[in-house]
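The values are calculated or read from the model by the stated rules, or taken from the named source; none is laboratory data. Because the structure is a prediction, the values reported are computed rather than measured. Note: ideal-geometry Cβ built from the backbone for every residue, glycine included; neighbour counts use all protein chains shown. Each accessible area value is taken on the protein alone, full model and side chains, heavy atoms only, with ligands, DNA and RNA left out. Shrake-Rupley method; radii C 1.70, N 1.55, O 1.52, S 1.80 Å.
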Protein chains: 2
Amino acid sequence: MAVTIKDVARVSGVHVSTVSRAFSATHLVNAETRARVLAAAEELGYRPNRAARALSTSRTGNLGLIVADIANPFFPPLIKAAQAQARARDYHVFIADTDEQARVEEELIRSMAKQVDGAVLVAPRLTNRVITELAQEIPLVVVNRRLRGVSGVLMDVGTGARRAMEHLIELGHREIAVVGGPSRAWTSGEIERATEHIARDHGILIQRVGPNPPTEEGGHTVADEVVASGATAVLAHNDLLAFGLVQRATELGLDVPGDLSVIGVDNSHVARYSSPALTTVAMPVAEAGHGAVDLLLRSVDAAGSTGTVTLETSLIVRGSTAPPASGEGLR
Amino acid sequence: MAVTIKDVARVSGVHVSTVSRAFSATHLVNAETRARVLAAAEELGYRPNRAARALSTSRTGNLGLIVADIANPFFPPLIKAAQAQARARDYHVFIADTDEQARVEEELIRSMAKQVDGAVLVAPRLTNRVITELAQEIPLVVVNRRLRGVSGVLMDVGTGARRAMEHLIELGHREIAVVGGPSRAWTSGEIERATEHIARDHGILIQRVGPNPPTEEGGHTVADEVVASGATAVLAHNDLLAFGLVQRATELGLDVPGDLSVIGVDNSHVARYSSPALTTVAMPVAEAGHGAVDLLLRSVDAAGSTGTVTLETSLIVRGSTAPPASGEGLR
DNA sequence: TTGAAGACGGCAAGCGTTTGCCCCATGGGC
DNA sequence: GCCCATGGGGCAAACGCTTGCCGTCTTCAA
């Protein structure tokens, strides 16, 4: 049916092993012979069968990419970048969506393990223990999780959160709500720690709200609590949450940023599209996707090598932050 | 290294073929034996090697999903739904991004062909001829393209466009700009045809602008032309284009919807997040992803069977449309 | 008691590649 | 003129699984 190495061998008058070498070990075959083989392959439209190759080399040429929610605007640019980089290295990528469930995440990795040379886990919800365990079985790189012995690319959201807080403090806010995301997310911890420090250093009051699902609905449900807290500003775990919050706050008759300043995280397009455009901590998402694939491929080639790269974030000030309404927010 | 069928056979004291059958042809093996095999497999942590299976069955258990631009908010919900449905049927999905380039699209399909049982092409930019050709080599289902002999799921954007136009006409608009998308997109033709009819039936004037890339930037660059055309309302090829248009129009000092009504297509989250929230034609994206996979799997199982399903669209009226400024727009 | 029909499961070939091993020719050094 | 090193390329096993074929054991009817 499909054209195989055997057909190419027949047509070019050499043994299959020569055909194979013509493709994968070019220096082992005479240039002239190789040309003949390549010509025959071209003519027949031969494409190597990756499954067969995988079977004998135990290298699949595939990568897995596991994300919590494809529809969350944080992920697509990362997926896109990862896929592009993989393609540049002649790898194909499997995508899987865990629906934010740790159980699914683990199952997905396990079911994928045999068919990929490695996987990148983006913002996993799994426990460190399980991830470390899995990394034993298959090369893994984790985005936004710091783990000993496992490669990772980290976006320095702590510094971003610090900048965000400083921005609010400069504007005059003294009572700030910090709306948490999923409890298992590494970024949640980072933000918590950074805001903690800042609060201590500047002697301001922090209201912690959460954990919450990182969605617009999450923002809706958390809004009342935030408003009731008396905070004049809020730093939300991501743009979606921030956006939901703004929506609900507006419904409640508050003006953003007049009555309530809101900062998101991600700089997803939501932040730009919404109104007011959200002040947000920009995450280097594309770089992360690109870097994760690089890192992964490196540890696929040199088994056991791990590395960590940290990417910078930055604060993007837009229209959702302003000084607090006069008098308010100062005790 | 990895545990294979052979290990399971040894441990459970049967032949490998029995192990194989215990998994894939359960009725051919005694229940008791099967239980023993399964227990051994469980104990050893056995996972079938899909590559090996693929080699002997020429079924990979993989699907390809090819989209123009993962970062375009139209796609992620579709990808998510497709992936979920594939997973439910125990398939894995390869994702690939063509960057809107037909050439890349073709190459991607070809390079994927050997490793998947079929592929879904979402809003392809390829010519009909090439697609039909490719469908010869590998089961294909095409989303938003009508093609004889190739399975497809179509979103009835024509009707949606008609509704949109009627909505504008009812509001009193008499001169409407229709901003086209990529020339190769099937939806472009559908919208053109529908708007054509409507215009004729109602005796209104249509200004066609485009084709344009379906992006925010596309909206920016096209805005001047639209404004200059004297139209009081515009139907854009998608939300992104509509959003870019609104942005630029606002910069030019126009009020949307006061001075210019704008309608998008897709009902991507951009439409909800932007301000004013966009009136838009809702595309049943998730259903399409789900349906495409179903259709594809059907034609994988029953080679040669093709089908077409058409999904309904609907108009969602939000804040970007209003009656034209008094007097204007009437000749 | 015998024979036939199932049920069960072993055997081995085959899927398309890769790769270690080995053979053959060629050419250069002595 | 002989030997050996070397390059080129054939041979066949192996990767892990499926599946057609066939032998063995039960079971049941005649």
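Just a few scattered comments:
- Surface analysis of the protein assembly as shown yields an accessible area of 42 Å² per residue, using protein heavy atoms and a 1.4 Å probe.
- Interface size A-B, as summed buried accessible area [1.4 Å probe, Å², nearest 100]: 4000
- Mean separation of Cα contacts under 8 Å (6+ apart) over length of region B:157-283, as relative contact order %: 25
- When you restrict to C-alpha pairs under 8 Å that are six or more residues apart and normalise by the size of chain A, the relative contact order lands at 17 percent.
- Look at the stretch A:47-59: the mean tally of other chain Cβ atoms within 10 Å of its residues' Cβ atoms is 5.
- Mean-position separation - Cα centroids, region A:104-129 and region B:16-95, in angstrom: 16
- Most mobile listed residue (A:Val246, A:Val93, A:Val29) in chain A, GNM with C-alpha springs under 10 Å: A:Val29
- Bridge type composition, chain B - antiparallel percent by DSSP, nearest 5: 10
- For the residues A:Tyr273, A:Tyr46, A:Tyr91, a GNM of chain A with alpha-carbon springs under 10 Å puts the largest fluctuation on A:Tyr46.
- Relative contact order computed over region B:5-48 (Cα-Cα under 8 Å; 6+ residues apart), in percent: 41
- Helical contribution to [θ] at 222 nm, DSSP H n ≥ 4, -39,500 (n - 2.57), averaged over chain A, rounded to 500: -14500 deg cm²/dmol
- GNM result for chain B, Cα springs below 10 Å: residue of B:Ser305, B:Ser17, B:Ser151 fluctuating most strongly: B:Ser17
- Rounded if a/c under 1.5, otherwise prolate or oblate - the protein assembly as shown, Cα gyration tensor axes: oblate
- Highest mean first, the peptides B:135-141, B:178-184 sorted by other C-beta atoms within 10 Å per residue fall in the order B:178-184, B:135-141.
- Occluded residues from region A:77-95, i.e. those whose accessible area drops by 50 Å² or more once the chain is not alone (1.4 Å probe): A:Lys80, A:Gln83, A:Arg87, A:His92, A:Phe94, A:Ile95
- DSSP bridge orientation in the protein assembly as shown - percent antiparallel, rounded to nearest 5: 10
- Annotation: the antiparallel percentage among DSSP beta bridges lying fully within region A:123-251 is about 0.
- Rounded percent of accessible protein surface that carbon and sulfur make up, chain A, 1.4 Å probe: 49
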